[in-house]
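**Q** There's a structure below that I have some questions on.
None of the figures in this text is laboratory data; all of them are computed from the coordinates on show. Computed from a predicted structure; not experimentally measured. Cβ placement follows ideal geometry from the backbone for every residue including glycine, while neighbour counts extend to all protein chains displayed.
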Amino acid sequence: MKHLKNTWYVAAWDYEVGRHLMMREILDRPILLYREENGRAVALSDICPHRYAPLHKGRLCGDRVECPYHGLQFDANGQCVHNPHPHGNGPIPRNARVRSYPVIEQYGAIWVWMGEKEPDPNALPDYHFISDTDNYRTIRGVFDIENHYEMVNDNALDLTHVTFTHAGTLGAGLDNVRNERVVRERIGNTLWCKRFNDGIEAGSDFQRFNPALVGIKVDKQQNVRWDPPGYIVIIIRYVQADTEDTHYTSIFAGNLLTPISETRTRMFWSVSRTFGLQIEALDHAMRASAELALMVQDKTMIEDQLRLMGTTDLESMRPVYIADDATPVAARRLLKELIEAEEREEREQRAAGSATRRAEPEATPERVT
Amino acid sequence: MKHLKNTWYVAAWDYEVGRHLMMREILDRPILLYREENGRAVALSDICPHRYAPLHKGRLCGDRVECPYHGLQFDANGQCVHNPHPHGNGPIPRNARVRSYPVIEQYGAIWVWMGEKEPDPNALPDYHFISDTDNYRTIRGVFDIENHYEMVNDNALDLTHVTFTHAGTLGAGLDNVRNERVVRERIGNTLWCKRFNDGIEAGSDFQRFNPALVGIKVDKQQNVRWDPPGYIVIIIRYVQADTEDTHYTSIFAGNLLTPISETRTRMFWSVSRTFGLQIEALDHAMRASAELALMVQDKTMIEDQLRLMGTTDLESMRPVYIADDATPVAARRLLKELIEAEEREEREQRAAGSATRRAEPEATPERVT
Amino acid sequence: MKHLKNTWYVAAWDYEVGRHLMMREILDRPILLYREENGRAVALSDICPHRYAPLHKGRLCGDRVECPYHGLQFDANGQCVHNPHPHGNGPIPRNARVRSYPVIEQYGAIWVWMGEKEPDPNALPDYHFISDTDNYRTIRGVFDIENHYEMVNDNALDLTHVTFTHAGTLGAGLDNVRNERVVRERIGNTLWCKRFNDGIEAGSDFQRFNPALVGIKVDKQQNVRWDPPGYIVIIIRYVQADTEDTHYTSIFAGNLLTPISETRTRMFWSVSRTFGLQIEALDHAMRASAELALMVQDKTMIEDQLRLMGTTDLESMRPVYIADDATPVAARRLLKELIEAEEREEREQRAAGSATRRAEPEATPERVT
Ligand code: FES
Ligand code: FES
Ligand code: FES
C-alpha cells in the first residue's frame, strides 16, 4: 500500500480513548490506544514481540500494558519493563519493546504520526471549529468504507454528485445549479473548490434546521477545502440574498480519512454549526441527515466502485473526465507527488547510510486472511 | 476464463426484464438490462465510464439511463447523450459511451451476444416449446451453482446419475435400467444421447403427474440434446407399451446455462409439458419436483465437486472413465475445439490488423474480492 | 504444507465412527471413515475417482461404499468392485480405486497413517490412561482452531500462560509460582517440561473438584510431555505437602493435534482423572472447565496470533525469547529435523528409483476457495 507516512492520521475521536485498551488499524498496522493516569493519550504497536499476542486484550496496570498471553509488561514508551518469568520477576529480554507512535490531541481528535521522520506538531490541518465550543456546536461519528481513501476524497471534492446521489435528501435539484459559479484555488498544498449560487432558496434540510431561512431568497456558498492526504472540510454558508450577514447560517462538515488498508478507509466525520447552539434536538436531526448521506448513500456508491473498478488506481483505468473532475484530479496528482517525494527521500537516506529516528525494525507482518 | 464469446447467452427470462434497471453478470461482466418504452430489451455495460458507478442503481429516464453518481445519461445504444455539468447542460465528453450488446428476445428468454463478431440471429438453440403455449404448458426458474458450467453439462448429459443422486424422487430404481438401450448421435454441433426402456412402469413422479400412466406398462424414452456451450434439453416421453401414441405424455426440460465466472453458473430452467395443459395445480407439483432435483440434489453435488477437484479442468485430473461418459466427454472436446477456433481466428485478425466490429476498448476490470 | 507424513494422526475418537459414513480432513485431504460389519474402522480417500463426488455422502452397502453420483462401489481396501452401468452390472474401469489408509484403533482413538512408508504399529504416543477405565475416568471432546498446530504446541508447552490467559479460571495467581522449580528433559524424541511447587494451596478448580484438597498445603507438579508432531499430555499432580501420596490427586490432560491444513488444526482433547471415579457430576464440572479454557481462552489467543503474525513460521519472525520458550523452541527444532529427514529420504528414494509401498498416484487436488 502506497501511503504518505510522515503525516498525522486520526486514530480516534478524543471521547473514544480512555483508561481502557482499544485497538485501531492504520496503514495496515494494529495500533493500541489508551490514556495514562495523567490523561495523556498513548499509541503503541498492538503486537507483543514475544509471541504476537494482541496487547489490547491484556490489562492496563497503572500506565503499563500487560500482555494477555504470558504477562510481559510494557510502559507508555513501548519498553518492556517487567517479565514475570521465572519466579514473578525475570530478566527483561533484549529488544523487548514495541514501537511507540507520537501522539497529538487536538481539535477533538487523537492524531498519530506514522512515519520515521521527526513529527511536525504544526502540520495538522485546521479543524478548530470542532473544539471551539463557544462559536460552534458539533456532532461527530466514525465508520468504515470498503475502498481506498482516494475514492472517498473524490466523492467529497466533486459536489456535483449531491444532486444525484443525495437526491431527495441533501440534493436541491438541478434548478439550483443552473447559474452556479465555481472557483478553484491552490494555496500551498491546500486545495479549495468553491461554489456560489446567488438568489436561490435554501436547501430543504437547511430550512428545516434553521427556520430563519424559510421563505426568503439566499446567497449560498459551498466551499470544499482539502489537505493531503485525506482531510476535507465542506463549508456550507447561507446569508439573505444581497446582504452580507443577515441570517448568516453555516455548517463546517469535516471528513477526516484514515487509511486502514489498500481497500478500507475509516471516516471520522463531524458537523459543526453556527446556529441553534442551545438546541439539542438539532443534534439529532442533523445526525440523522449526516448518517443517511454518509453511511448509506455515499458509502454504498464508493463500495460499488471498488467492485466495478477492480483496482484502486483510478487513473490507470483511463476514465472519462468531466469539468468538475478538476479538483479531485488535482488532489490525486498532488498526493502522488508527495508520496514520490517521500519515497525518494527515504531512498537517498538509505543510500547515504544516515540513521533514521527509530533504529529498531518493527514487526510488520503480512496479513493472513 | 476461457469461454466461447461469439455466441448467445441467456441474460434473463422475458418476465424478469421491464421498465426498471436490473443487472446480471455474464462472463465476468456486469450487464445492465431494461426495456425501452416500445418494449424492446436493451443490454449495456453496467459500468459508468466516468467513475465506475453501477448504472443499474441510477434512473430510467424515458429510454435513457441516468448514472446514480453524477448524472451522465446514456441512450439505449450506450452513447452518452447528456451531461448536466456545468449549469445543467455541459459538453459530452469524448468517448463517453458504454458498450452495447446485441439482444434477441425469443423462446421466452433475453439472449445477449457477448463476442466482437457480427451476431448470428439464426444461431439460437431450439427452445420453441417454451414459447409455444398452444401445445405446451411451461414453468420456469433461475438459480446459481458454484462451479464451472461444464460440470453442469456433465450432470445433465449423463443421466445415469438419476438413479443415485435423485433416488427416491426422480430415480426409478436400478431395475428400470436393466434393459436400457442407449443411442448417441452427433448432428453438426448438436449432440444427442437417447435412452430407451420398453415395457416398464412409468416413474412414480410421472404417475402422479399423469394418472393415465398408472397401472399400465409403458415404453419410455429419455433423450438429451446438447448444443454448445451449455444448452440442454431433456425430453422424457412415455407411450403405452407397444403403441405409437396411446397416452402420449411428454416433458421437455430445458437447462440453459450462462457462465457468470470461472466457478459460477446461472441456470435458467424450464419444464414444458404436453399434458394437463389446463391444470394449474400441476404447475406447483412439477415446480416442487424440479426445484428439489435441480436446486437441492444436483446443485449440492456439483458444488461438492468443485471443492474436491480444486480446479475446473476435469480432463487434466485424469479421471476414471465409464461408458456413459461418452456424451459428456464429446461435449467437452467439441467445446474445446470451438473455443480454440475462436481464439485462433482472433489471433489471425489481430495479426492482419483487421478492424473488429467495435473499435472502442471496454473497461474490463479485474475483480477485487 | 510441510508436515510429517509417516506418522499416525488421530482421525476421530472411537465413539464418533460407526456404521455410517463420515469425513474428516487430515493434511488437506478428505478422509472417509466408517466401520465394517465386524467393527473394524476403515479410512479411505473420500474422493470418487470418476467425477470427484464426496463418497461420504453416498451409502454404506455392507462393507462397501456406494458413490452418491453414479453409483460405483468401493470395498474397504478402496478397490472399485461394482459398476452399475450399463444394465446394472458394467465392467470395472481400470485404476478405479481410492487410496486406503492404514488404521489402528487404540487409546480410544482411530489413528490413521498418512505416509507412504510401512506404518509402524509401535509408534503411537502413550495415552493408555484414556482407555484404562479401571484406574481413570475420562472425558473427551474435539474442536478446531484456526492456526498451524505448532502454535497450539507452543501454547501447551509453555504453561506460564496459565496465570494470564486463564486468570480467574485455571490460573492460580503469581504468588503460586514464586518458588517454582522447572526441569526440562529429552528422552529420544519425547520432551518433558516439569514444574514443581511445594507447600502451596491447590488451585481453586482442584479444590472444587476434590474437596480433600481444601484447607491443606500441597506439593504440586505440572508435567508436560510432548511427542512429535503434536501429542501433548499435561499431568497435574497434587499430594499433601511433605508426604508421598496422601490425598494423591491427579489428572492427565491430553491434547492430540491433527493438522487439517496450514492454518487449521483439529484438537482432540481428553481429561483423565484418578479421583472421584464414580462421580458422574464431576464429568460435567470438569468438562465445563476444560471447554472454557481450551475452546474459549486458548483458541481465541491462538487465532489472534495468526492474524497478527501473518505467517505460520514463527522463527522467521525473530520473536523475543524468554526462558520458558526453551521447550516450545526445542519442539519446533526437533520437528523441523524430523520433517527434513523425511524429505531427504524421499528424495533419495526417488533418485534411486526405488518403489514405494503404494504405486498408484493419488488425486491430491489444490483447494478452490
Ligand atoms: S505473547 Fe506477550 S508475553 Fe508472550
Ligand atoms: S460515475 Fe457516472 S456520472 Fe460520474
Ligand atoms: S462420481 Fe462417483 S460414480 Fe461418478
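**Q** So what does log10 I(q)/I(0) come out to for the protein assembly as shown at q = 0.04, 0.07 Å⁻¹, using the Debye formula with one equal point on every Cα and no solvent?
**A** With one equal scatterer per Cα and no solvent, log10 I(q)/I(0) is -0.30, -0.92.
**Q** What order, most packed first, do the peptides C:114-122, C:71-79 have when packing is the mean number of other Cβ atoms within 10 Å of each residue?
**A** Packing order, densest peptide first, comes out as C:71-79, C:114-122.
**Q** Now for a different question. Please give the average number of partner chain Cβ atoms lying within 10 Å of the Cβ of each residue in C:55-66, rounded to a whole number.
**A** Mean shielding by partner chains, rounded to a whole number: 1.
**Q** From other protein chains only, count the Cβ atoms within 10 Å of every residue's Cβ in A:81-92, then give the mean.
**A** Across A:81-92, the average partner-chain Cβ count within 10 Å equals 5.
**Q** Could you pull the Rg and Dmax for the range B:1-47, using just the Cα atoms, both in Å?
**A** Every Cα atom of the range B:1-47 included, Rg and Dmax give 11.4, 36 Å.
**Q** So what are chain B's ellipsoid semi-axes, whole angstrom, largest first, if each one is the square root of 5 times an eigenvalue of the alpha-carbon gyration tensor?
**A** Working: eigenvalues 354, 116, 61 Å².
They are 42, 24, 17 Å, listed largest first.
**Q** So for the pair residue C:184, residue A:22, with labels modelled 7 Å out along Cα→Cβ, what separation do we get in nm?
**A** 4.1 nm
**Q** Over the C-alpha atoms of the range B:132-332, what are the Rg and the largest Cα-to-Cα span, Dmax, in Å?
**A** Calculated on Cα positions, Rg and Dmax stand at 16.8, 50 Å.
**Q** Could you give P(r) for the range C:95-168, binned at 10 Å from zero, as whole percent values over all Cα-Cα pairs?
**A** All Cα pairs considered, the percentages come to 13, 27, 39, 16, 4, 1.
**Q** Let me ask another. Is there a simple number for the mean count of other chain Cβ atoms within 10 Å of the Cβ of residues in A:69-75, and what is it?
**A** If you average over the peptide's residues, the count of other-chain Cβ atoms is 5.
**Q** Quote the relative contact order of the range A:8-113 in percent (integer), defining contacts as alpha-carbon pairs under 8 Å separated by 6+ residues.
**A** Numbers: 229 pairs, mean separation 28.2, N = 106.
RCO, the range A:8-113: 27 percent.
**Q** Residue-wise, which Karplus ³J(HN,Hα) couplings in Hz belong to the range C:253-268, taking 6.51 cos²θ - 1.76 cosθ + 1.60, θ = phi - 60°, and x for glycine or proline?
**A** Karplus-based 3J(HN,Hα) across the range C:253-268 equals 9, x, 10, 9, 9, 10, x, 8, 7, 3, 10, 8, 10, 9, 9, 9 Hz.
**Q** Taking only the alpha carbons of the range B:12-113, what extent do you get along each of the three principal axes, in Å, biggest first?
**A** 46, 29, 20
**Q** Next question. Based on Cβ point charges of +1 for Lys and Arg and -1 for Asp and Glu, what charge dipole magnitude is obtained for the protein assembly as shown about its Cα centre, in debye rounded to the nearest 20?
**A** With only Lys, Arg, Asp and Glu charged at Cβ, the dipole is about 380 debye.
**Q** Taking the Cα centre of chain B as the origin and placing charges on Cβ (Lys, Arg +1; Asp, Glu -1), which of B:207, B:282, B:222 is farthest toward the positive end of the dipole?
**A** B:282
**Q** Turning to a different aspect of this structure: With angles folded into 0 to 90 degrees, how steeply does helix A:326-352 sit against the dominant principal axis of chain A? Use alpha carbons for both and round to 10.
**A** That helix lies at roughly 20 degrees to the long axis.
**Q** Still on this structure, please answer the following. Can you work out the PRE-style zone for residue B:261? Point 7 Å along Cα to Cβ, and I want the residues of the range B:11-44 with backbone N under 11 Å.
**A** In the range B:11-44, the label zone of residue B:261 (backbone N under 11 Å from the point 7 Å along Cα→Cβ) covers B:28-29.
**Q** Given C-alpha coordinates of the range B:181-234, what is the ratio Rg to Rh with the Kirkwood estimate of Rh?
**A** Taking Rg over the Kirkwood Rh, I get 1.11.
**Q** Another question, then. Residue by residue through the range C:235-252, which ³J(HN,Hα) values in whole Hz follow from phi under the Karplus form 6.51 cos²θ - 1.76 cosθ + 1.60 (θ = phi - 60°), with glycine and proline marked x?
**A** Once θ is set to phi - 60°, the couplings for the range C:235-252 become 9, 10, 9, 10, 9, 4, 4, 6, 10, 8, 8, 5, 6, 3, 9, 8, 10, 10 Hz.
**Q** Right, here's the next one. Taking amide H positions as placed 1.01 Å from N in the peptide plane, with prolines and chain starts having none, which residues 5 or more places from residue B:22, or on another chain, fall under 5 Å of its amide H?
**A** Those lying under 5 Å, H to H, from residue B:22 are B:33.
**Q** Enter the angle in degrees (range 0 to 90, nearest 10) between the Cα long axis of helix B:280-291 and the first principal axis of the Cα atoms of chain B, meaning the one along which they spread out most.
**A** Between helix and principal axis, roughly 80 degrees.
**Q** I would also like to ask the following. Give me the extension gain from residue C:118 to residue C:248: residue separation times 0.36 nm, minus the current Cα-Cα distance, reported in nm with one decimal.
**A** 42.6 nm
**Q** Considering only Cα-Cα distances, which of the following residue pairs are longer than 25 Å: A:2/A:57; C:2/C:299; A:57/C:299; A:57/A:299; C:2/C:117; B:336/C:57? List each step's numbers first, then the result.
**A** Details: A:2/A:57 30 Å; C:2/C:299 22 Å; A:57/C:299 14 Å; A:57/A:299 30 Å; C:2/C:117 17 Å; B:336/C:57 31 Å.
From A:2/A:57; C:2/C:299; A:57/C:299; A:57/A:299; C:2/C:117; B:336/C:57, over 25 Å: A:2/A:57; A:57/A:299; B:336/C:57.
**Q** I would also like to ask the following. Cα to Cα, under 22 Å, and not fewer than 8 places away if on the same chain: which lysines meet these conditions relative to residue C:217?
**A** Partners found: C:194.
**Q** With θ set to phi - 60° and the Karplus curve 6.51 cos²θ - 1.76 cosθ + 1.60, what are the ³J(HN,Hα) couplings of the range C:35-42 in order, to the nearest whole Hz, using x for Gly and Pro?
**A** 10, 5, 4, 7, x, 5, 7, 10
**Q** Find, to one decimal place in angstroms, the Kirkwood hydrodynamic radius of the range C:128-234, where the mean of 1/r is taken over every pair of different Cα atoms and then inverted. Working shown, then result.
**A** On the way: mean 1/r = 0.0634 Å⁻¹.
Radius from the Kirkwood sum: 15.8 Å.
**Q** Once amide H atoms are built 1.01 Å from N in the peptide plane, which residues 5 or more positions from residue B:48, or in another chain, come under 5 Å H to H?
**A** B:53, B:55
**Q** Using only Cα atoms, find the angle between the long axis of helix A:299-309 and the longest principal axis of chain A, and express it within 0 to 90 degrees, rounded to the nearest 10.
**A** 70 degrees
**Q** Apply 1/(1 + (r/R0)^6) to the Cβ-Cβ distance of residue A:313 and residue B:198, taking R0 = 56 Å, and write down the FRET efficiency to the nearest 0.05.
**A** Values: r = 66 Å, r/R0 = 1.18.
The value I calculate is 0.25.
**Q** Once the Cβ-Cβ distance between residue A:81 and residue C:344 is put in as r, and R0 is 51 Å, what FRET efficiency do you end up with, to the nearest 0.05?
**A** Efficiency, from the Cβ-Cβ distance: 0.65.
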